[in-house]
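Scroll down for the structure; my scribbles are underneath it.
The values are calculated or read from the model by the stated rules, or taken from the named source; none is laboratory data. Only a predicted model underlies this, so the values are computations on that prediction, with no experimental measurement involved. FYI the Cβ positions are ideal-geometry reconstructions off the backbone, even for glycines, and counts take in every protein chain you see.
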Amino acid sequence: MSLPVVPSKVHGRPRSIRDCEPGLPNSEIVLNGERVDLCSHSISVRGSPLRLRARRKMLHWKPLRLIPSLLELYSSSFNLPSHYNPVGGKGEVKNLNVDWLIIGGGTAGLSLLRKVGGLLVSRELMGDAWVPWMDPSLLSQLKETSKSFSEHILIGEYKGKFDEGLAIQSGQTTFVVRAKNVAFTNGSRFVPPLFPGNDLPGVASLRLYLRNRAWFNKPVFVGSSDDILRAASLVGGKVIHRKGAAYFSPPAVEDAQRKGVEVIPAEQLVAHGTRRVKSVEVDRVKIEADSIIYGTVRQPRLEAIANFGLPYVFYSKSHVYLPKHDLMGKAGESLVLGGARGISDPFTSALSAEAAVGDPDQFLSLLREREPHLLDYYRGQWSSSPSPYLLGKDGYVCECEDITYSDVRDYMSFDQDVEFAKRAAGVCTGSCQGKHCAFMLGSILESASLITFRSPLTPLVIP
C-alpha cells in the first residue's frame, strides 16, 4: 500500500497523513459523502489547478468589504466536501456514575486500572505498547490486565466536559459520566516542526512510521526526544535536532551510538519535492531521503486536560505545555499520569500509576535516569532553550487552513500570543482545533497560554 496523497483545503497542495490519531490534520478525507480513514486506505487524489492563493492579511483589507463577491469567489475554490451521507442507525444516551474514571488506555491507564478498578475509557488499548523497544514483561502484564479487567473497559472517544457530565462516544451510544475521581492517562503526541516543505507527503510522525514502515524507505529522523533516537537505532539513521535543544537521556544516547546513529545539531532544515519528499537540506548540506520522521518532543494531549478545567504551564526548558501537577501526579483533585505529564519511557509511565497510589521509590529512580529533562519542572526552576520546532523561517503552521508562518508573522508585531494569532490569522480554527498548530506556534512564540479547548474535542458524528 502506497502513501495516500490528497489536496489541501485552501491551497490545493498535496498532503498526506501525519499520524493515525483521529481528529488530526489529514487523518481522513470525505469522498462521495463518506468519511475515509487515510491510515488504512491508499488514496491518491489530485486537486484542481485553479486556486486563488492569497496571504491571510489580504482578507482584512477594507476594500474587500465593498466587494463581498470577491470573498465568495475565493472561498468557492476551497477543497470542501459537497455533501455528507447520512449515518445509519439511532443514537442513544446513557448515564453512568463511577468511583474512578480513567481516560486513556496506555501503560499508565492500564496500570492504574489494575490498582483502583473503576472505568477506563480509550479509543484503543495499549497506547504505545506496540513500540519495538517495549519491555516484554511489561507488555505481558498490560495484556493480562486488559483481559482480567475487560468488564471495566469501554472502547470509545472522550469528547470533553459538558454541564451534564463527561461525554464519551462509543459507537452510536453517548455515555454521560459522573465520577468521584478522574485520572488523565491519555498520553502524548508528536507535533511537527516548522521548516520550508514541512507539509510535503513523507513528513510524518514517529508513530505513523512505526505503524507503516513500508511507506518510508529512506527516512531522515528529526527530533529531540529519546523516542526518535530509538527509532533511528532500528535502521542506523541520522537524527537532526535544533541546535541547543536536545533532551536526550544518557542511556538513550549511549545505545544510539552503539547502533551507529549519527546525531546532527542544526539550525535550518528544508524539504525538497513536489508530491513527496525527494531530498533534505540540513544547514545547506543535501541528504537523499524520501521521508522526514519527526519525534520532536512528547507533548501531552493537553486539550482534554485543559477542557476539564485543570491549569497548565509552559515548560520552556523542553518546550512542552504541562498540566500543573506534583511529583506523584496529583493535579488538584485529579491525577495526570504517564504521557499526560510528559513521560516517554513506557516502564516509567507504568510506574507513575504505582507512585500515584503510594509506591513511589522505583518510579522516582527511573524518572531521574530516563526523564532527566523533566526534573527541573518539579524543582520549580528551569532555564529556557530554543524552540525545538523552529528549523526554518517559513513553512506551514496550520495545515487544516493552509496558514503559513509568514501569515502569522504579519501580526506578530501586535501580540506574541497564540489566542491573538487565532483571531487575527485563523490558526487553530480548522478541523483539528489546534491539536498541532497551537503547540507548535506556542513554542515558537513562547506563549504563556494557548487557546480555549472547547467540547467536543474531536468531530462528533450524530446518527
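Residues in the stretch 259-310 that are of a type in the set (Ser, Thr, Tyr) and buried (at least 20 other Cβ atoms within 10 Å of the Cβ): Ser291, Tyr294, Thr296.
Counted as qualifying within the stretch 321-429 are the helices (runs of 4 or more DSSP H) with 2 or more residues that are hydroxyl-bearing (Ser, Thr, Tyr), namely 346-356, 375-379, 405-409.
Elements of the type helices (runs of 4 or more DSSP H) sitting completely within the stretch 60-175 and holding at least 1 residues that are surrounded by fewer than 18 Cβ atoms within 10 Å (Cβ to Cβ), of a type in the set (D, E, K, R) and modelled with pLDDT under 85: these cover 63-66, 68-76. Count of the stretch 195-233 residues, restricted to those that are within 25 Å of Pro22 (Cβ to Cβ) and of a type in the set (Asp, Glu), is 2. Answer yes if at least one residue in the stretch 437-450 is surrounded by fewer than 24 Cβ atoms within 10 Å (Cβ to Cβ), under 16 Å from Val10 (Cβ atoms), of a type in the set (Ser, Thr, Tyr) and over 14 Å from the mean Cα position of the chain (by Cα), and no otherwise. No, the stretch 437-450 contains no residue that is surrounded by fewer than 24 Cβ atoms within 10 Å (Cβ to Cβ), under 16 Å from Val10 (Cβ atoms), of a type in the set (Ser, Thr, Tyr) and over 14 Å from the mean Cα position of the chain (by Cα). Counting only residues that are of a type in the set (A, V, I, L, M) and in contact with a helix residue (DSSP H, G or I) (Cβ under 9 Å, 6 or more places away or on another chain), which one in the stretch 284-308 is nearest to Asn217 (Cα to Cα)? So, considering only residues that are of a type in the set (A, V, I, L, M) and in contact with a helix residue (DSSP H, G or I) (Cβ under 9 Å, 6 or more places away or on another chain), the one nearest to Asn217 (Cα to Cα) is Ile293. When residues in the stretch 364-375 are screened for being under 24 Å from the mean Cα position of the chain (by Cα) and loosely packed, with under 15 Cβ neighbours inside 10 Å, 2 of them pass.
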